Amino acid sequence: MESWRRNPLVFAAIALPPAFWLVLFFLVPLGIVWLYSFGENIDLVTIETTWTLENYRRAGEPEIFTLFVRSLWLAGVATLVCLVVGFPIALVITTSSPKWKSWLLLLIILPFWTNLLIRTYALLNILGSRGRINEALGWLWEMGDGFLTIIGLGQLNLLGERFTPLTLLGNNFGVIFGLVYVALPFTVLPLYAALERMDRSYIEASLDLGAGQLRTFFSVIIPLASSGIVSAIIITFIPTLGSFLTPDLLGRGQVDMIANVIERQFKSANDWPFGAALSFILLYATFFALAARSLLAGRRGREDAEAF
Amino acid sequence: MTDLQGRRAGQPVIAIDTVTKRFGGSVTAVDRVSLEIAPGEFFALLGPSGCGKTTLLRMIAGFESPTDGRILIDGQDMSHVSPNKRPINMVFQSYAVFPHMTVAKNVAYGLKVTGVPQSEIAGRVEEALELVHLGGYGARKPDQLSGGQRQRVALARALVKRPKVLLLDEPLSALDAKLREAMQLELVRLQESVGITFIIVTHDQSEALSMANRIAVMERGSVRQLASPADLYENPANRFVADFIGKVNLFEARVASRDNGSLVLHVQGLGEVRLPQGMGAAEAGRADLALAVRPEKLRLERERPSPERLGFEGQVQQVAYYGETSSVFLTDQAGHSIAVSIQNEGRSTQPMVTVGERVWCSWAPEDTLLLAD
Ligand SMILES: Nc1ncnc2c1ncn2[C@@H]1O[C@H](COP(=O)(O)OP(=O)(O)OP(=O)(O)O)[C@@H](O)[C@H]1O
Ligand SMILES: [Mg+2]
């Protein structure tokens, strides 16, 4: 770094193209949307920036506020499920033999090779009322019913008059299932990286000192993996909060998240200024979460330094 | 209890019964090792890198299970006892002091997880820290300690559990030479004061010689000799041990004749050598004999030595000065290089011999070692 700074020309030559790219394709569009969020529709296609705060005020209205809360809740639950499911997966990968390790990691990354839309449609096929899960349950019902008939309990209708498929779509379950399915690899990878870095002798030391497996897990493995856990939470939570496709398809319009409402503002509702305001609120929320995290990390680092 | 010669009485605290460990079918890390370690012993596993010391220690601790054979602790078979249930504790080579806990929490950990009452813990932690001279360090975090202090935390953490046996895997290898020497004495003092059996793994022969009261020398998975330090040095059982413990000059030899009870050897570079009465009776039948003598048992003279001493005339090739001693390298008639260690007793800056000079090198016959294989 130092030597680059002494060569300003070289530094500029290297730094300029990416900076240009960033400004042109990221900051400028972002700025435009930011201006929209302070604008009003004056006719169908024209937006005038009048510096009104009306769009932000509307975001505080009860139904939009509820929507934000629900989005946070859905993303939070999905993140929690991802952690609970992802940690054992990461642990298994870390402790498996080198040969197995690469195959298991491949298995985790495999979903990235298929388009999200296709994967989501595949989920529809699995979770739908005539989907694979209900098909299997229906088959089990037939078998159970047949068995009861054979042993002479058929007329009691113990299993109900006929098989009623489970509703797995268009509700919180379907959306959370989909969110977890999409985000799980993002949770597993940072957890795996943290566990892989961890010195095995800490675990052995804990066992050696008389702690059981469970005790070792909670008192040694989790604390030592904490930075990986925080990374996993952030990298899972933020994209999940902004999910659009999953709630759109698996929620069947019944379970909206914030991104679905934003999309509607830009499309069917043709209320770009309101959509822009909602987008920026989401952006600020994300930004504050990240800032809080690095502030916390910074303080912890300083405390350690002061203690010397 | 052990007596001064390292002989034992009563039941061993650890019995290793023809233990073999293979990794993946092809690597035999430990090969049919049998050892018995008595209560209160300071026992060392010594050997070059990769000879299976750590693997053997990890099997005692329970982190690896033997492919074959059994390990008994206090007469109990440990085959199906998990590491956290064994009455032994280990000091890891990397120390493995938990970085997210204070020193006191680290030491208390092993007591807390086994349900020692809270009221008892604080006192025992303080006592253990005092024992390793870390009283008052309880509130520190491990990253505020030096390497040597961290190691002492690891020691305190293991000792506070009052184990039957303490295992130490190369505990001093990460320390600098001065600190290492101090810690060697410290460990011996600790072992004597707590009376716990110590098993230490090391590849440093001087460390093993100075600390242990018995040493098992290992090579490629097997124990080549099991003896007290002085015995290992003065009576090595084979070439490997003679060469690994200290320095040694080797002369290939074969039996020339027997002459009323003493063996006459033909030794390369020395000619006919008559061994003292009784020496070499056991080894005489072996084909690959070698005569060995330690460098510090050799004497350099300008005149031919008295006939009862063994010796040869050689040429000085090199002189290396080490302060308290110097090493002189000679070549004999056969062209072998022989090392002679001499004490620098007088305060002279002049070497006692000069390169190129012809000198006589001799030793007392009883200082000769006869080695087979
Ligand atoms: N988990 C393992 N898988 C396969 N081979 C292993 C494993 N652990 C050890 N080995 C092999 O077993 C042999 C003995 O290893 P070990 O670690 O016991 O040696 P060591 O005497 O402790 O050496 P060092 O002084 O270098 O620590 C080596 O050849 C090593 O490569
Ligand atoms: Mg080792």
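So, in segment B:343-373, how many residues would count as being farther than 17 Å from B:P305 by Cα and either without any contact (Cβ under 8 Å) to a residue 12 or more places away in the chain or among the aliphatic types (A, V, I, L, M) (or both)? Please lay out each step first, then the result.
Applying the first criterion (farther than 17 Å from B:P305 by Cα) to segment B:343-373 yields B:343-352, B:354-356, B:369-373.
So of that shortlist, the ones also either without any contact (Cβ under 8 Å) to a residue 12 or more places away in the chain or among the aliphatic types (A, V, I, L, M) (or both) come out as B:345-350, B:352, B:355, B:369-372.
Counting residues in segment B:343-373 that are farther than 17 Å from B:P305 by Cα and either without any contact (Cβ under 8 Å) to a residue 12 or more places away in the chain or among the aliphatic types (A, V, I, L, M) (or both) gives 12.
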Note on segment B:81-102: residues more than 7 Å from every other protein chain (Cβ to nearest Cβ) and outside any loop (DSSP other than H, G, I, E, B) are B:K85, B:I88, B:V91
Selection status of B:L168, in contact with a Lys or Arg (Cβ under 8 Å, 6 or more places away or on another chain) and within 16 Å of ligand 1 (Cβ to nearest atom): no
B:E64 passes all but one of the listed conditions (1) more than 14 Å from ligand 2 (Cβ to nearest atom); (2) open to solvent by 10 Å² or more (accessible area, probe 1.4 Å); (3) under 24 Å from A:S206 (Cα atoms); the exception is number (1)
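Restricting to strands (runs of 3 or more DSSP E) lying wholly in segment B:228-318: which have 3 or more residues that are within 30 Å of the chain's Cα centre (by Cα)? Even if it seems obvious, please write down each step before you answer.
Working: elements: B:249-259, B:262-267, B:271-274, B:289-293, B:299-301.
Ranges flagged: B:249-259, B:289-293.
With the condition kept exactly as written, say whether any residue in segment B:87-94 is more than 16 Å from ligand 2 (Cβ to nearest atom) and either open to solvent by 60 Å² or more (accessible area, probe 1.4 Å) or among the small types (G, A, S) (or both).
Narrowing segment B:87-94 to residues more than 16 Å from ligand 2 (Cβ to nearest atom): B:87-89.
So of that shortlist, the ones also either open to solvent by 60 Å² or more (accessible area, probe 1.4 Å) or among the small types (G, A, S) (or both) come out as none.
So far as segment B:87-94 goes, no, none of its residues is more than 16 Å from ligand 2 (Cβ to nearest atom) and either open to solvent by 60 Å² or more (accessible area, probe 1.4 Å) or among the small types (G, A, S) (or both).
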In segment A:206-228, anything surrounded by 18 or more Cβ atoms within 10 Å (Cβ to Cβ) and more than 10 Å from chain B (Cβ to nearest Cβ) is listed as A:I221, A:A225, A:G228
How many residues of segment A:141-158 are modelled with pLDDT of 75 or more and surrounded by 10 or more Cβ atoms within 10 Å (Cβ to Cβ)? The answer is 10
Taking segment B:24-61 and keeping only residues that are within 14 Å of another protein chain (Cβ to nearest Cβ) and away from ligand 2 (no atom under 14 Å from the Cβ), one is left with B:G24, B:G25
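From the list B:R254, B:R224, exactly one residue is of a type outside the set (A, V, I, L, M), modelled with pLDDT under 90 and open to solvent by 50 Å² or more (accessible area, probe 1.4 Å). Which is it?
Details: B:R224 fails: modelled with pLDDT under 90.
Being of a type outside the set (A, V, I, L, M), modelled with pLDDT under 90 and open to solvent by 50 Å² or more (accessible area, probe 1.4 Å) holds for just one of B:R254, B:R224, which is B:R254.
Give segment A:182-194 a look and list any residue that's among the hydroxyl-bearing types (S, T, Y) and either in contact with a Cys (Cβ under 8 Å, 6 or more places away or on another chain) or modelled with pLDDT under 95 (or both), or say none.
So the first thing to find is which residues in segment A:182-194 are among the hydroxyl-bearing types (S, T, Y), and the list is A:187, A:192.
Hit for segment A:182-194 is A:T187, nothing else.
Taking B:S49 as the residue in question, decide whether it is under 23 Å from B:A227 (Cα atoms) and within 10 Å of ligand 1 (Cβ to nearest atom).
yes
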Among B:L145, B:L111, the single one that is modelled with pLDDT of 95 or more, surrounded by 14 or more Cβ atoms within 10 Å (Cβ to Cβ) and aliphatic (A, V, I, L, M) is B:L111
Checklist entry - Just to be sure, is B:R358 surrounded by fewer than 17 Cβ atoms within 10 Å (Cβ to Cβ), at pLDDT 90 or above and farther than 25 Å from B:R239 by Cβ? => result yes
Checked against (1) more than 19 Å from the chain's Cα centre (by Cα); (2) near ligand 1 (Cβ under 10 Å from one of its atoms), B:G10 satisfies every condition except (2)
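What about A:R200, is it more than 13 Å from every other protein chain (Cβ to nearest Cβ) and either of a type in the set (K, R) or open to solvent by less than 20 Å² (accessible area, probe 1.4 Å) (or both)? Outline the logic, then answer.
Values: more than 13 Å from every other protein chain (Cβ to nearest Cβ): no; either of a type in the set (K, R) or open to solvent by less than 20 Å² (accessible area, probe 1.4 Å) (or both): yes.
For A:R200, the condition - more than 13 Å from every other protein chain (Cβ to nearest Cβ) and either of a type in the set (K, R) or open to solvent by less than 20 Å² (accessible area, probe 1.4 Å) (or both) - is not met.
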Across (1) within 14 Å of chain A (Cβ to nearest Cβ); (2) away from ligand 1 (no atom under 16 Å from the Cβ), B:F198 clears everything bar (1)
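The values are calculated or read from the model by the stated rules, or taken from the named source; none is laboratory data. What you see is a predicted model; the values in this text were computed from it and never measured. Virtual Cβ from ideal backbone geometry, glycine too; neighbours counted across all protein chains shown. Heavy atoms of the whole protein, side chains included, go into the accessibility calculation; ligands, DNA and RNA do not. Shrake-Rupley method; radii C 1.70, N 1.55, O 1.52, S 1.80 Å.
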